[in-house]
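In what follows, a single structure is set out as structure tokens and then discussed.
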Amino acid sequence: MPNIPTGKVGTYIINKLREYDRVLKITKKPSLDEYKMTAKATGLGIVIIGTIGFIITMVVQLLGLI
């Protein structure tokens, strides 16, 4: 939390709540298609990172570095 003078705490809190309210008003629930696309991209990323880690582990073990 930033350094706020004692008398300004209430104003700071009200301003932050207004900012949060503004953000919540402009957000929307994703459609089913958007959700599926995000889930696929996330799953693909996890698989790619896992595959890279597996390959690195296998190479290190085959080279006898562990």
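The values are calculated or read from the model by the stated rules, or taken from the named source; none is laboratory data. Keep in mind that this is a model prediction, so the values were computed, not measured. Every residue, glycine as well, gets a Cβ built from its backbone with ideal geometry; the counts of neighbours run over all protein chains shown.
State yes or no: is residue 11 at pLDDT below 95 and surrounded by 10 or more Cβ atoms within 10 Å (Cβ to Cβ)? It is true that residue 11 is at pLDDT below 95 and surrounded by 10 or more Cβ atoms within 10 Å (Cβ to Cβ). From the list 2, 30, the one residue that fits, being at pLDDT 90 or above and not in a helix (DSSP H, G or I), is 30.
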